[in-house]
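Below is one structure, written out as structure tokens, with a few remarks after it.
The values are calculated or read from the model by the stated rules, or taken from the named source; none is laboratory data. The model shown is predicted, which means the values in this text are computed figures rather than measured ones. With ideal geometry, Cβ positions are generated from the backbone for all residues, glycine too; neighbour counts draw on all protein chains shown.
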Amino acid sequence: MASGNGDIEKRLWATADELRANSGLKASEYSTPVLGLIFLRYADYKFTLAEQLLKGKSGSRHDVTKEDYQAKGILFVPQNSRFSEILKLPEGTITGQTINDAMKAIEAENSNLKDALPKNYSSIEKTTLVELLKLISSISVDKEGDVFGKIYEYFLSNFASSEGAKGGEFYTPTSLVKLIVEIIEPYHGRILDPACGSGGMFVQSAHFIENHQKSPDSEIYVYGEEKTGDTVRLCKMNLAVHGLEGDIREGNTYYEDLHNSTGKFDFVMANPPFNVDKVDKERLKDDPRFPIGLPKTDNGNYLWIQIFYSALNATGRAGFVMANSAADARSSELEIRRQLIENKVVDAVVSIGPNFFYTVTLPCTLWFLDKGKSRTDRADKVLFLDARNIFRQVDRAHREFTSQQIEYVANIVRLYRGEGTENKNDSDILLNEKFPDGKYIDISGLCNVATIQEIENQGWSLNPGRYVGVVEGKPDDFDFKERLEELNEELEKLNIEAHGLEERIAENVLNLLQRNLE
């Protein structure tokens, strides 16, 4: 992530990672405490600014109270918890318990942070802790304190990469999140992420609103659910260092609807775990979040899809990451997909190439639902977009979208919707090349608008490759590893189809036997 501070994020990360290597701690043991110290510095900075303002206004008429700070949306930071005060202590007296006590005191004064802050600093050696405090104190602060949010995001990204599979549980690559946000356009309203991880969807929604010259505080309120307590804490701190408030709760979304979500939300965004098995469907039988019925296949993908769908209000939009195999899944999952399409809520489907995630190399798909679409001229149509050839190669194993590419893909969706396009990141260069008249057209290998009848003819598939076709005259740049991954994905789809056929055959045999017995 580039910044206007001379790559301060990279410099801080390099130093922090060196300290970790010398401490002998694993990334998983080190990440939350470091992020907690960034939070502590941010909280002290914002508190100091508010203190100067409030004391200047109050004069001698009355003492400034905790309530005065909280009325301005500022966390109240007790004296002994202030980062600046801890730095003044003699180095030999600063221990892990010093920081633990500081965190506990902040939680005690701010109910929205109850049990949210890390308190495991005793596991870090005193010398390493002091060096970390000095490092984070070196952050040069902009007027609004935005640099803390940028550093927090950068550290989250790098910790996710370091932690491998565990990192993927709490972090979705920023460029994918930005694309989802740009397409569903959460200008105003209530936002739900029922698999919220560290809160990236919320943070990027706030950035989207800021980029359109509005204040996130007055435009959106965020709701999240996450099954892991440590990740809930990461999320709450992430919101705090970005100046956001939300209702983030710990729970298992399959079985617990902690926000009573049905029909309640303007926007839903998520990156759920793919292909989860052994979900106990007996516990879901009477759950209103599954209005189309429970899939018979032992796979959680279509449970998640219905959780997102059912949470939307009458004009709500959803954008989420999904396994490629879900687009062609058969049997009972096909029936759920058919009903979603016939209900005219599926708005767009975007294919994403491999290597966008830290933990898996396989490609994925972004689904976009829009409950208000049925009242537009897009009611009987779905946009399919193949973005597999749009990316920037970060290194040999990782890809991302540039800001220009994100805006370009989102603008294709805007043209399809009949909305005005944006050009904050010079995407008009790409857009004018493909859409010279400023109007949507189907382009082989890139995008195609299919009717519901055409989708039915394709067996209710939502796989963009079925509709978009191939790039005309594209040179052959065959990549063996990439092709092998694509073949493996295709094999997974065929296995799912075969399993669906087995289920149908078994059902038919059972029905025949029952008729004979009658």
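A few points about this structure:
- Residue check for A397: more than 18 Å from L312 (Cβ to Cβ), assigned by TED's automatic domain parsing to the domain that holds N275 and modelled with pLDDT of 95 or more: no
- E433 assigned to a helix (DSSP H, G or I), of a type outside the set (F, W, Y) and either free of Cβ contacts under 8 Å to residues at least 24 places away in the same chain or in the same structural domain as P363 (by TED's automatic domain parsing) (or both): yes
- For segment 72-90, the criterion of being of a type in the set (S, T, N, Q), in contact (Cβ under 8 Å) with a residue 24 or more places away in the chain and crowded, with 17+ Cβ neighbours inside 10 Å is met by at least one residue.
- Filtered by the rule that a residue be surrounded by fewer than 23 Cβ atoms within 10 Å (Cβ to Cβ) and of a type in the set (A, V, I, L, M, F, W, C), segment 305-320 gives a lone residue, A314.
- Considering the conditions (1) free of Cβ contacts under 8 Å to residues at least 40 places away in the same chain; (2) surrounded by fewer than 16 Cβ atoms within 10 Å (Cβ to Cβ); (3) not hydrophobic (A, V, I, L, M, F, W, C), Y302 is excluded by exactly one of them, (2).
- Condition met for N238 (of a type in the set (S, T, N, Q), within 18 Å of the chain's Cα centre (by Cα) and closer than 25 Å to I220 by Cβ): yes
- Some residue of segment 420-429 being within 16 Å of L385 (Cβ to Cβ), in the same structural domain as E185 (by TED's automatic domain parsing) and not in a loop (DSSP other than H, G, I, E, B): no
- Note on segment 334-375: residues that are free of Cβ contacts under 8 Å to residues at least 40 places away in the same chain and either within 16 Å of the chain's Cα centre (by Cα) or part of a loop (DSSP other than H, G, I, E, B) (or both) amount to 2.
- If you filter segment 91-122 down to residues that are without any contact (Cβ under 8 Å) to a residue 24 or more places away in the chain and closer than 26 Å to S28 by Cβ, you find that the one that is surrounded by the fewest Cβ atoms within 10 Å (Cβ to Cβ) is K114.
- Within segment 142-177, considering residues that are hydroxyl-bearing (S, T, Y) and assigned to a loop (DSSP other than H, G, I, E, B), the one modelled with the lowest pLDDT: Y171
- Every residue from segment 378-410 that is among the β-branched types (V, I, T) and buried (at least 16 other Cβ atoms within 10 Å of the Cβ): V382, I390, I406, V409
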